[in-house]
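Reading through the structure tokens given below for one structure.
The values are calculated or read from the model by the stated rules, or taken from the named source; none is laboratory data. These figures come from a predicted structure and were not determined experimentally. Because the Cβ atoms are built from the backbone with ideal geometry, glycine has one as well, and the counts that use them run over all protein chains shown.
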Amino acid sequence: MNAKPKFRRDRDQPHNTRVIAISGGKGGVGKSNVTINLSVCLSLLNQRVMILDADLGLANIDVLLGLKVQRNLEDVYLGKCDLQDVCLQGPHDVRIIPSSSGTQSMVNLSSQQHAGLVHAFSDFADTIDTLVIDTAAGISDSVIQFIRAAQEALIVVCDEPSSLTDAYALIKLLHRDHGVDEFRIVVNQTRSVKEGIQLYQRLLNTANQFLDVQLRYEGDIPYDDALREAVKQQQAVTVRSPRSQSAKAFKRLAERVLDWPVKNHPSGELEFFVEQLLSGPQT
């Protein structure tokens, strides 16, 4: 599982990399599990997928998958190694860039520390079809920067009042201060399809009343025992129990993602994404 990733280079035609930031406003909504299982399903649909763990202070993608991390993004920032040296191979050839955990210095990095990563990510550009970014919880500058730089913002909510409130706060901030006006919503840990639609509708009604944004419903992920057991075993439910209801829902979500139009950034390159992501405030 921890061997160097094998890059699939079976696609020679030019392509744009799809960049999806997954966030939720608050912690505990299951966005990291959505990140992992969506990525696995995309890989099974012949996408070359990379996960960037963008929770720079409390990273957990590697923990959720039981991966042993030798080096992480902090080592890249400090110039101790290249980005490819920290890249892990996850389930079904999903590549993972792990971040650090319990390191306060990674939360607010300087522009100088960002510089080396821009070129490193551009080396991956022609080997990635989809980059999935697992953001930190909350509405910090780092979270906002990651979402702004991505092409798609997938907001995860669940049936908790604070989840909807915090998701709305995130959407409001991105729209009001940064001009983001389109968001995709997935409802996690539902007890029925109807519950997912109702929660989305509540969020939509509030947004329609106060904001000029588009919220697109991308479905729900049911909570089941298979998902709970997979988390305990540090596995993706789509790997451990591919026939479970939650795994089937992740597959449907992945199929929907492939129907999204791939948006072009001005340069059309992944390198542009990383420059925007890591350049920090311009002075």
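Structural remarks
- Taking the listed residues Asp85, Asp75, the one that is at pLDDT 85 or above, more than 15 Å from the chain's Cα centre (by Cα) and over 22 Å from Lys263 (Cβ atoms) is Asp85, with no other qualifying.
- Criterion (surrounded by fewer than 24 Cβ atoms within 10 Å (Cβ to Cβ), touching an Asp or Glu at 6+ places or on another chain (Cβ under 6 Å) and not β-branched (Val, Ile, Thr)) met by exactly one of Ser43, Ser32: Ser43
- Screening Thr135 on (1) modelled with pLDDT of 95 or more; (2) of a type in the set (S, T, N, Q); (3) under 27 Å from Gln47 (Cβ atoms) shows it passes everything except condition (1).
- Filtered residue count, the range 73-88, keeping only those that are over 20 Å from Thr127 (Cβ atoms) and not in a helix (DSSP H, G or I): 3
- With respect to the stated conditions, Asp134 fails to be part of a loop (DSSP other than H, G, I, E, B), in contact with a helix residue (DSSP H, G or I) (Cβ under 7 Å, 6 or more places away or on another chain) and touching a residue at least 40 places away in the same chain (Cβ under 8 Å).
- Any hit, the range 193-210, residues being part of a loop (DSSP other than H, G, I, E, B) and either touching a Lys or Arg at 6+ places or on another chain (Cβ under 8 Å) or more than 18 Å from Ala137 (Cα to Cα) (or both): no
- Hits in the range 211-260 (condition: over 22 Å from Ser192 (Cα atoms), of a type in the set (A, V, I, L, M) and assigned to a helix (DSSP H, G or I)): Val239, Leu258
- If you go through the range 223-248 and keep only what is touching a strand residue (DSSP E or B) at 6+ places or on another chain (Cβ under 7 Å), surrounded by fewer than 20 Cβ atoms within 10 Å (Cβ to Cβ) and either under 30 Å from Lys172 (Cα atoms) or basic (Lys, Arg) (or both), you end up with just Tyr223.
- Subset tally (residues that are in a loop (DSSP other than H, G, I, E, B), at pLDDT 90 or above and surrounded by 15 or more Cβ atoms within 10 Å (Cβ to Cβ)) for the range 46-70: 5
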